[in-house]
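See below for the structure under consideration.
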Amino acid sequence: MDLDDSAVRQGARLIAFDSIGSTNAEALRLGREGERGPLWIVAAQQTAGRGRRGSAWISEPGNLYASLMLTNPSAPGRAAELSFVAALALSDALVREAAGLADRISLKWPNDVLIDGCKIAGILIEGENAGAVLVAVIGLGVNCAHHPADTHVPSTDLAALGYALPPARLFRSLSATMAARIAQWRGGEGFAPIRADWLRRAWRIGESIVVRLEGREMQGSFENLDERGRLVLRLSDGRCELIAAGEIFPLGSMDPAAAAQGRA
């Protein structure tokens, strides 16, 4: 694994492992111990990978598992915007390496990347305070060579789509596109163009969806993202609900409660 020269010029460093429990956990541990970002942690395999809300993440060799640790990237209230930054950076990298995918990529709120409507990658943003320093970690898992076959949420991989893209090659491009998108974001000051670019690739925008929240579900039309990245859901009575966290599914699709159990 190597970093792109543009990432190195912006101060990025890299630690690569053959196998590790979780790249996110390692990045957080190093942040607690005084390491400072931007620092990439990459592994060929994870033995204790995880997704959102502590779900298990299948991490066999052949896919890309990478985490970027940042220190004081923004005010704490803006750090969640990194999920949009990361989704754009990954889609940029995929197009850079496989131009034929450009019109097939969509971004599923708040943190998945899809190709032809199937999950190709997931993003996990975590953070904690290490003294006076905010440590934020962007974790990415990309299905390069394989994807799980027993998930309720449809998933795919690059090889199955006809793109034999080695993880090392994709990572090098990702290190460059991530550096560029973080520079564009500017700690939240540049979120408006990030939001606009994300919306151009948004999955199911303008369509009826189900939003699964803690203990309840809501139905409505995916109208927009607000200036903080919250989903704007237009309800049947015309009111708009702002949703900061949840999972979305097409209206009339599989049971959302069952689908939420699957992770690519």
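The values are calculated or read from the model by the stated rules, or taken from the named source; none is laboratory data. The model shown is predicted, which means the values in this text are computed figures rather than measured ones. Don't worry about glycine lacking a Cβ; one is built from the backbone with ideal geometry, like all the others, and counts go over all protein chains shown. To get the accessible areas, we keep the full protein, side chains included, count just its heavy atoms, and leave off ligands, DNA and RNA. Shrake-Rupley method; radii C 1.70, N 1.55, O 1.52, S 1.80 Å.
Some notes on this structure:
- Answer label for volume of the Cα convex hull per residue in Å³ (calculated), chosen among (i) 120; (ii) 130; (iii) 188: (i)
- Placing +1 on each Lys and Arg Cβ and -1 on each Asp and Glu Cβ, with no other charges, gives region 138-223 a dipole about its Cα centre of roughly 340 debye.
- Once both labels are positioned 7 Å from their Cα atoms along Cα-to-Cβ, the gap between R104 and F17 label points is 3.2 nm.
- For the chain: accessible area per residue (Å², 1.4 Å): 42
- Accessible surface of the chain [probe 1.4 Å, protein heavy atoms]: carbon and sulfur percent: 49
- Phi to ³J(HN,Hα) by Karplus 6.51 cos²θ - 1.76 cosθ + 1.60 over region 197-205, Hz, x for Gly, Pro: 5, 5, 4, 5, 10, 5, 7, 6, 5
- Sequence-separation-based contact order of the chain, relative, with Cα cut under 8 Å and 6+ spacing, percent: 19
- Under the Karplus curve 6.51 cos²θ - 1.76 cosθ + 1.60, θ = phi - 60°, whole-Hz ³J(HN,Hα) for region 103-110, x wherever Gly or Pro sits: 8, 10, 8, 9, 10, 9, 4, x
- Comparing M69, M218, M178 in a Gaussian network model of the chain where C-alpha atoms under 10 Å apart are linked, the largest mean-square fluctuation is found at M218.
- Couplings for region 23-37, taken from phi via the Karplus curve 6.51 cos²θ - 1.76 cosθ + 1.60 with θ = phi - 60°, read 5, 5, 4, 5, 5, 5, 4, 5, x, 5, 8, x, 5, 10, x Hz in order; Gly and Pro are left as x.
- Fully extended contour minus Cα-Cα distance, from A48 to E217, at 0.36 nm per residue: 57.9 nm
- Spin-label model, D2/E207: points 7 Å from Cα along the beta carbon direction are separated by 4.1 nm.
- Loop-located GluC sites (Glu not before Pro) across region 123-204 with a Cβ neighbour count of 15 or fewer within 10 Å are E189, with loop assigned by DSSP.
- Taking 0.36 nm per residue of sequence separation and removing the Cα-Cα distance, the R239/D150 pair yields an extension gain of 28.3 nm.
- Max mean-square fluctuation residue, GNM over the chain, Cα-Cα springs under 10 Å, options R172, R204, R216: R216
- Averaging the sequence gap over all C-alpha pairs within less than 8 Å and six or more residues apart, then dividing by the number of residues, gives region 1-126 a relative contact order of 18 percent.
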